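Report on the structure given below.
The values are calculated or read from the model by the stated rules, or taken from the named source; none is laboratory data. Bear in mind the structure is a predicted one, so any value in this text is a computation, not a measurement. Cβ atoms come from the backbone with ideal geometry, glycine included; neighbour counts cover every protein chain shown. The accessibility values were calculated without ligands, DNA or RNA, using every heavy atom of the protein model including side chains. Shrake-Rupley method; radii C 1.70, N 1.55, O 1.52, S 1.80 Å.
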Amino acid sequence: MDRRRDHRLAALMNDAMFGRSEEKTLYRAHFAEWNEIVRQQEPAWLRARREAAFARFEALGFPTTRQEEWRFTNLAPMLRVPFQLAVARSERSLLEEWLAPYREWMAHHLVFVNGHFVGEIPAGDHPPRLLARGIRALLREEPDLVKPYLASLEERTTNAFAALNAAFLTDGAFVRIPRGAIVETPIHLLFLALDEGAPIVTHPRNVILAEENSQATIIESYVSLGDGQYFTNAVTEIWAGENAIVQHYKVQRESSAAFHIASVGITEERTATVLDFSIALGGALARTDIVALLKGEGAECTLNGFYWARGQQLVDHHTVIEHVAPHGTSREFYKGILDDEARGVFDGTIVVRPGAQKTDARQVNKNLLLSTEALVNTNPRLQILADDVKCSHGATTGHLDEDALFYCRSRGLDAETAREMLTYAFASDILNTIAFGPLRRSVGEWVLTEWPEGEKLKELL
């Protein structure tokens, strides 16, 4: 308890010592510079939206620990860094080595380097009218196609980072699954961070549209190819039309010095089904906000998550599931492992509006602390404004079971292997829900590779 209070006091002192006007000045200079670059290259409506978004960002300002939503996540270390906007390099082409780790994946890969689209690799045939391209190219060639989908998230939230993303929108993925299409091959959006010699900031923006009766799997990966310091500020919006089925996986494996802020907005129409799975493994500071709106009757939503933090990492997930229509179903299951001096935050809210009768909602967060110095703040919440619903929530935090450790030791395992086996068992029940086999194996092997006894454990599993 004393340690938690110390963290809080330190965060407040950092906020007090660090004037937020300095960072706003820096981003104001960036925005003026950016406007000069793109002024002649984009339509007037987009320029107007950029300016409105930046005005909104300036009005909101960067969050501080005095705000309830950010009280456990102090942004001061990130805001001290004078990030420069990442620029597109016309000479940059897609390199084979970047995709080599994903060659076993049968997927439509769209590759972005430092926030800019560099190439697309089709994997076999795909349904006619499937559209999967970089947003920047579409803004040049078919701006009216993109126009309706680039303004909604930052306008309906008080999220300063979403507004900042809209102001600096440079590139990202635009995916449209046509009505009635079943896309068997997953679409992989791969965002690679390359060291440019100075800290950079990128603002990827992804739009995923699943039209009526369509079905697709989208994997969004953020991966570092170095150990440099940079800042990713990503926004993804998902619209699921009537009876559409979307599986969306977001895998964050940024460098240990990087900062990752992301917002995911989900809107579901009648009887749509959406799975969002957040996997957070990297970054010095990582925060993901997920807001799911079950707008249509009978919509189903699943939010799953897995986070593993070590050293002095901070991993924060804030989720909101909002039931607006009747007969909606939502399931939320997040698991976290924290070691060393790492800190975790889980804040999940389920809102049931007055008209959302017959809602069925469940939320669970479980955390495993491997060190006495690790810390997690978990806050599951329900706001129920209807009277005929089934809702539950719960959270647990604990250490490895001593009896189970003793049993493993009695079967001949050394202490470290026994510890890692039980930790992997804790993670496996959430990782095993990843339906796309290559991704499930990739995440599992990556976790094992990071452990001292991982190779031995692979032989035992």
### Residue that is farthest from ALA160 (Cα to Cα) [pool: residues in segment 75-92 that are open to solvent by less than 20 Å² (accessible area, probe 1.4 Å) and in contact with a helix residue (DSSP H, G or I) (Cβ under 6 Å, 6 or more places away or on another chain)]
ALA76
### Task
Test each condition in (1) surrounded by fewer than 21 Cβ atoms within 10 Å (Cβ to Cβ); (2) touching a Phe, Trp or Tyr at 6+ places or on another chain (Cβ under 8 Å); (3) not aromatic (Phe, Trp, Tyr) for ASN367 and report the one that comes out false.
(1)
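Per-residue answers, yes or no, for (1) closer than 24 Å to TRP446 by Cβ; (2) open to solvent by 40 Å² or more (accessible area, probe 1.4 Å):
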| site | (1), (2) |
| --- | --- |
| ARG287 | yes, no |
| LEU294 | no, no |
| TYR307 | yes, no |
| SER330 | no, no |
| ASP340 | yes, yes |
### Message
Which residue is most open to solvent (accessible area, probe 1.4 Å), if the candidates are limited to segment 185-208 and must be at pLDDT below 95 and of a type in the set (Gly, Ala, Ser)?
### Response
GLY197
### strands (runs of 3 or more DSSP E) contained in segment 271-384 and holding at least 3 residues β-branched (Val, Ile, Thr), under 18 Å from PHE72 (Cα atoms) and within 19 Å of the chain's Cα centre (by Cα)
314-323
### Query
Within the set of pairs 6+ apart or on separate chains, which have a first residue in segment 347-376 that is within 21 Å of HIS399 (Cα to Cα), a second that is outside any strand (DSSP E or B) and among the β-branched types (Val, Ile, Thr), and C-beta atoms under 7 Å apart?
LEU368/THR423; LEU370/THR423
### Message
I'd like the residue in segment 209-225 that is open to solvent by 30 Å² or more (accessible area, probe 1.4 Å) and not in a strand (DSSP E or B) and, out of all such residues, is farthest from GLU268 (Cα to Cα).
### Response
LEU225
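Tell me whether segment 245-255 contains one or more residues that are over 11 Å from the mean Cα position of the chain (by Cα), of a type in the set (A, V, I, L, M, F, W, C) and either within 30 Å of PRO128 (Cα to Cα) or open to solvent by less than 10 Å² (accessible area, probe 1.4 Å) (or both).
Yes: segment 245-255 contains one or more residues that are over 11 Å from the mean Cα position of the chain (by Cα), of a type in the set (A, V, I, L, M, F, W, C) and either within 30 Å of PRO128 (Cα to Cα) or open to solvent by less than 10 Å² (accessible area, probe 1.4 Å) (or both).
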### Query
Which one of these does ALA123 not meet: (1) at pLDDT below 85; (2) part of a loop (DSSP other than H, G, I, E, B); (3) touching a Gly at 6+ places or on another chain (Cβ under 8 Å); (4) not basic (Lys, Arg)?
(3)
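Residues checked against (1) at positive phi; (2) of a type in the set (Asp, Glu); (3) crowded, with 18+ Cβ neighbours inside 10 Å:
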{"position": "ASP347", "(1), (2), (3)": "no, yes, yes"}
{"position": "THR359", "(1), (2), (3)": "no, no, yes"}
{"position": "ARG362", "(1), (2), (3)": "no, no, no"}
{"position": "VAL376", "(1), (2), (3)": "no, no, yes"}
{"position": "LYS390", "(1), (2), (3)": "no, no, no"}
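Would you call THR302 hydroxyl-bearing (Ser, Thr, Tyr), touching a residue at least 24 places away in the same chain (Cβ under 8 Å) and open to solvent by 10 Å² or more (accessible area, probe 1.4 Å)?
Yes, satisfied.
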### Residue, nearest to VAL246 (Cα to Cα), within segment 437-461, restricted to residues that are modelled with pLDDT under 95 and hydrophobic (A, V, I, L, M, F, W, C)
VAL443
### Task
Please work out if PHE436 is among the aromatic types (Phe, Trp, Tyr) and exposed (fewer than 12 other Cβ atoms within 10 Å of the Cβ).
no
### Query
Among the residues of segment 404-433, how many are open to solvent by 60 Å² or more (accessible area, probe 1.4 Å), in a helix (DSSP H, G or I) and either touching a residue at least 40 places away in the same chain (Cβ under 8 Å) or not basic (Lys, Arg) (or both)?
6
### Message
Of everything in segment 68-100, what is more than 16 Å from GLU120 (Cα to Cα), part of a helix (DSSP H, G or I) and of a type outside the set (A, V, I, L, M, F, W, C)? Give them in sequence order.
### Response
GLU68, GLU69, PRO77
### Message
For the condition over 30 Å from ASP347 (Cα atoms), open to solvent by less than 70 Å² (accessible area, probe 1.4 Å) and not in a strand (DSSP E or B), what is the one hit in VAL111, VAL146?
### Response
VAL146
### Task
Take segment 324-346 and flag every residue that is in contact with a Cys (Cβ under 9 Å, 6 or more places away or on another chain) and not charged (D, E, K, R).
GLY328, THR329, SER330
### Query
Quick check: anything in segment 50-65 open to solvent by 10 Å² or more (accessible area, probe 1.4 Å) and more than 30 Å from ASP347 (Cβ to Cβ)?
yes
### Summary
Of the candidates ALA166, ALA160, the one satisfying the condition of being of a type outside the set (Phe, Trp, Tyr), at pLDDT below 95 and touching a strand residue (DSSP E or B) at 6+ places or on another chain (Cβ under 9 Å) is ALA166
